[in-house]
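Below: the structure, in structure tokens.
Bear in mind that the values in this text are calculations on the coordinates, not laboratory data. This is a predicted model, so every value here is computed, not measured. Methodologically, a virtual Cβ is constructed for each residue, glycine included, from the backbone with ideal geometry; neighbour enumeration extends over all protein chains shown.
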Amino acid sequence: MRIVLVGPPGAGKGTQAAFLAENLSIPHISTGDLFRANIGQQTELGKLAKSYMDKGELVPDEVTIAMAKDRMEQADAVGGFLLDGFPRNVSQAQALDGMLAEGGMKLDAVLDLEVPEDEIVKRIAGRRVCRKDSAHVFHVTYNPPKAEGVCDACGGELYQRDDDTEDTVRKRLEVYHTQTEPIIDYYRAQDLVVTIEALGKVDEVTARAMSALKAGE
Ligand code: AP5
Ligand code: ZN
């Protein structure tokens, strides 16, 4: 299956993507995680990405699309992917359509996670991420690690993301509304959008997402 996950910052895209990708046996591709891995390795791409991410702005399309394309080409060997954080504006969505069309492929669904803004703020304020792998995500209250500050999955140190400050989150929400939300209409025109309420326990949201995806098949 080829699925795009959309939703505001802190909606739980990364958290859900880990479970959905496992249930569906497809790789989880997160452009945010790819950028953070580059930042950790201090690559040129990482330095460029960080200068935008710290301000809550989108990294330029040219580099983002090239990075996503490269990662998707590796993933296609296993027959699908779950995209998290890409596409993030209409021109990225058009580029993705172009890449898929070249390979004679299509998306199966666009899963839209809905969460009220006050909940987003609480989720982001308490989020802690693993330094070794930013796909390992915790929350100080909602999903605490077994030992404070230590990743359950790999023993890495947990930290608060540089872009999780109040000002940057406000900017990321604004960017989401102005640049990312229009892709929902873009995909609605292709009849691909499945919207679910992403409130409740993590496993309840996963179950809701799985049944919505099955219903749309
Ligand atoms: P990215 O890393 O994609 O960040 P984001 O979209 O802002 O999303 P988040 O990672 O903040 O949240 P999430 O929805 O994954 O939530 P999570 O599962 O962690 O992008 C970061 C930056 O990179 C962008 O600002 C941009 O600069 C750049 N970038 C990335 N992609 C790009 C692109 N395509 N083009 C250009 N630039 C790009 O959950 C949040 C918290 O809530 C966690 O603590 C979690 O434990 C908790 N939680 C999750 N589910 C629940 C639940 N059901 N109940 C209670 N708590 C929960
Ligand atoms: Zn870890």
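Structure values in brief
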quantity: Matching residues, the range 121-138, being more than 10 Å from ligand 1 (Cβ to nearest atom), of a type in the set (A, V, I, L, M, F, W, C) and surrounded by fewer than 17 Cβ atoms within 10 Å (Cβ to Cβ); calculated: VAL121
quantity: The range 69-121: number of residues that are within 14 Å of the chain's Cα centre (by Cα) and among the aliphatic types (A, V, I, L, M); calculated: 5
quantity: Filtered residues of the range 201-217 (kept if surrounded by 11 or more Cβ atoms within 10 Å (Cβ to Cβ) and either within 17 Å of LYS13 (Cβ to Cβ) or within 17 Å of the chain's Cα centre (by Cα) (or both)); calculated: VAL202, GLU204, VAL205, THR206, ALA207, ARG208, ALA209, MET210, ALA212, LEU213
quantity: Wholly within the range 100-217, strands (runs of 3 or more DSSP E) carrying at least 2 residues that are touching a Leu at 6+ places or on another chain (Cβ under 7 Å); calculated: 109-114, 127-130, 193-197
quantity: Residue in the range 157-176 that is surrounded by fewer than 13 Cβ atoms within 10 Å (Cβ to Cβ) and within 16 Å of ligand 2 (Cβ to nearest atom) present; calculated: yes
quantity: The one condition in (1) within 15 Å of the chain's Cα centre (by Cα); (2) over 27 Å from ILE196 (Cβ atoms) that GLY14 fails to fulfil; calculated: (2)
quantity: Matching residues, the range 1-33, being aromatic (Phe, Trp, Tyr) and free of Cβ contacts under 8 Å to residues at least 40 places away in the same chain; calculated: none
quantity: Yes/no for GLY46 being within 16 Å of ligand 2 (Cβ to nearest atom), touching a Gly at 6+ places or on another chain (Cβ under 9 Å) and among the small types (Gly, Ala, Ser); calculated: no
quantity: Pairs where the first residue, in the range 182-198, is farther than 19 Å from SER91 by Cα and the second is assigned to a loop (DSSP other than H, G, I, E, B), C-beta under 6 Å, 6+ apart; calculated: VAL194/GLY216; ALA198/ALA11; ALA198/GLY12; ALA198/VAL115
quantity: Looking only at the range 157-171, and only at residues there that are touching a strand residue (DSSP E or B) at 6+ places or on another chain (Cβ under 8 Å) and closer than 21 Å to GLN16 by Cα, the one that is farthest from ligand 1 (Cβ to nearest atom); calculated: TYR159
quantity: Any hit, the range 145-152, residues being surrounded by fewer than 19 Cβ atoms within 10 Å (Cβ to Cβ), out of contact with any Gly (no Cβ under 7 Å at 6 or more places or on another chain) and closer than 29 Å to ARG88 by Cα; calculated: no
